[in-house]
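Before any comments, here is the structure.
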Amino acid sequence: MALILIGIGAMATSMGIPLDQQGRWGARFFPLAGSITLVVLGAAELRKTASASQMDPRHLPAIAGLLALAVVYVWLISAVGYLISTALAAPVALWIFGLRTPLGLGAATLLCPAAYHLVFFKLLGVFPPLGRYFDLLDVLGGY
């Protein structure tokens with residue numbers, strides 16, 4: 001159910017992304033596709049769970065943690081930009097999923113923002129979301 005709700009919220013937020021200079025959906029496409037995927041996956045999981053006898057309550061803290069992380073991550077992007085928020089959120093997400101080695105978490109802190117920045121903002125040409133209070137891209141010169 002959480003996936004469906006997050007997907008619906010993400011779809012509504014994606015529709016608030018302005019059209020590109022030619023009036024096309026441009027920057028909306030990938031967030032909207034991801035949002036729709038979340039709704040579809042949530043519906044599939046809900047259907048699968050309905051046929052199961054009962055959910056294992058041991059997973060509830062991880063689910064709640066990921067939901068809280070998603071909300072904080074979206075707020076952090078608007079406050080301090082994409083790079084810093086991803087560098088903070090990636091190791092937390094991996095820690096929730098069970099990766100606890102300092103080397104792995106440290107690598108996620110550096111590699112996740114760099115890899116996502118390369119794919120989305122350099123190769124696909126999506127404009128990076130800038131932070132309201134501070135943005136590392138300003139310091140790095142827009143790389």
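Worth pointing out:
- Filtering ALA10, ALA89, ALA93, ALA70 for residues that are in contact (Cβ under 8 Å) with a residue 60 or more places away in the chain, open to solvent by less than 40 Å² (accessible area, probe 1.4 Å) and farther than 19 Å from GLY125 by Cα leaves a single hit, ALA70.
- Residue in segment 48-55 that is open to solvent by 90 Å² or more (accessible area, probe 1.4 Å), in a helix (DSSP H, G or I) and without any contact (Cβ under 8 Å) to a residue 24 or more places away in the chain present: yes
- Checklist (1) out of contact with any Leu (no Cβ under 7 Å at 6 or more places or on another chain); (2) touching a residue at least 24 places away in the same chain (Cβ under 8 Å); (3) part of a helix (DSSP H, G or I) applied to ALA107, failing item: (2)
- Any hit, segment 21-29, residues being in contact with a Phe, Trp or Tyr (Cβ under 7 Å, 6 or more places away or on another chain) and assigned to a helix (DSSP H, G or I): yes
- Pairs linking a residue in segment 115-127 that is open to solvent by 70 Å² or more (accessible area, probe 1.4 Å) to a residue that is of a type in the set (A, V, I, L, M), with Cβ atoms under 7 Å and 6 or more positions apart or on different chains, are PHE120/VAL126; PHE127/ALA27.
- Candidate set: segment 73-86, residues that are within 9 Å of the chain's Cα centre (by Cα) and open to solvent by 20 Å² or more (accessible area, probe 1.4 Å); chosen: the one modelled with the highest pLDDT: TYR73
The values are calculated or read from the model by the stated rules, or taken from the named source; none is laboratory data. Since we're looking at a predicted model, the values are computed, not measured. Backbone-built Cβ (ideal geometry, glycine too); neighbour counts: all protein chains shown. Heads up: the accessible areas ignore ligands, DNA and RNA and are worked out on the full protein's heavy atoms, side chains in. Shrake-Rupley method; radii C 1.70, N 1.55, O 1.52, S 1.80 Å.
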